[in-house]
Structures are given as C-alpha cells and as structure tokens.
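Input: a single structure, listed below in structure tokens.
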Amino acid sequence: MSLVYVLNGPNLNLLGKRQPQIYGHETLADVEADCRKLAAELGQTLRFHQSNREYEIIDWIHEAREDADGIVINPGAFTHTSIAILDALNAFEKPVIEVHISNIHKREAFRHHSYVSLRADGVIAGLGVQGYGLALRRIAHLTGA
Ligand code: CA2
C-alpha cells in the first residue's frame, strides 16, 4: 500500500453548498468518499484533510515528509498567496499534484498565478472534482503502485 495525503485549503468545506455553477454540486464529503473508493482500487491509503488555517496545511505537509508517497493538494485561495505552503512542499521529496476544481486561468487575473505550481509535478484545473481522482491515478503511476 502507498500512502497519499489529499489536502484541501480554505472554504473548500463549503463545496456543494454554495456557488455550484463554479464548483459543482458534490460536497467535500462526496469527494472524499469517491477518492477513498478509487484509492482502494489503486492500493493507496489516504489521509484526507481540509483546513481554513494555513499553518494546519503546512503541518500536514511536514507530517507527509515522514511517511507519504505523494500529496494531492487543492490549496484553495492559498494557491495564489502562500509562499509558506510552497516552502513546505519544497521540503517534500515525493510527487505533488496540484488540483483546482475550476479553471483558474479562465477566471480573475489574481487566480492565474500559483505559487504551488512552482513545485507541483502536475497541475489539474477545470476538470471539476474529477481532478482529484485523476491526481490519485497520476500518483499511483509515478510511485509504481
Ligand atoms: O478551483 C479551485 O479548486 C480553487 O482552488 C478553489 C478556491 C479558489 O480560491 C481558487 O482560486 C481555485 C476557492 C475554494 C472555495 O470553495 C467554495 C466552494 C463552494 C462555495 C464557496 C467556496
């Protein structure tokens, strides 16, 4: 079994509850259930987390350094602001896939830049919540699982 962290940033706890035209109707609990089902097929154990606090996300990335085989991260709005999350990811040596539910490049100019993309091995944007599953498949491929 490989171990994958799936980390979600601020406001993603509101998924499926507001702005469905941008983020769809699935809740974060639905996304977690879908990810866990796929992970079982791929031979992955998941640690699935969401936080509105930057330091908690950083702490999970540090924790992942100990034992994880990969990180899937949707940093939410921290994508566009957080050098601290970038620094934490730079200290993680295994694959990192950045996921955005919406196509950030089709949205406001301030969403076009991602600090996390400076580290990510791959970036998925605009494929809705399907992006999470695709990211898990990519990590399975990269880790040879
Ligand atoms: O498209 C994405 O996944 C984003 O990472 C989502 C972030 C946004 O700041 C990024 O630019 C792109 C926002 C997540 C907020 O999620 C909500 C979901 C439902 C209702 C309100 C917010």
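The values are calculated or read from the model by the stated rules, or taken from the named source; none is laboratory data. Just so you know, these numbers come straight off a predicted model, no measurement behind them. For neighbour counting, all protein chains shown are included, and Cβ atoms are generated from backbone atoms with ideal geometry for every residue, glycine included. Heavy atoms of the whole protein, side chains included, go into the accessibility calculation; ligands, DNA and RNA do not. Shrake-Rupley method; radii C 1.70, N 1.55, O 1.52, S 1.80 Å.
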How many residues does segment 97-145 contain that are touching a Leu at 6+ places or on another chain (Cβ under 8 Å), more than 13 Å from the ligand (Cβ to nearest atom) and assigned to a loop (DSSP other than H, G, I, E, B)? 3
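So that you can scan it fast, the table gives a plain yes or no per residue for (1) within 16 Å of Val6 (Cβ to Cβ); (2) out of contact with any Asp or Glu (no Cβ under 7 Å at 6 or more places or on another chain):
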{"residue": "Glu63", "(1), (2)": "yes, yes"}
{"residue": "Glu98", "(1), (2)": "yes, yes"}
{"residue": "Arg107", "(1), (2)": "no, yes"}
{"residue": "Tyr115", "(1), (2)": "no, yes"}
{"residue": "Ala120", "(1), (2)": "yes, no"}
{"residue": "Gln130", "(1), (2)": "yes, yes"}
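Of all the helices (runs of 4 or more DSSP H) wholly in segment 1-93, which have at least 2 residues that are open to solvent by less than 60 Å² (accessible area, probe 1.4 Å) and away from the ligand (no atom under 15 Å from the Cβ)?
Output list reads 28-42, 54-67, 83-90.
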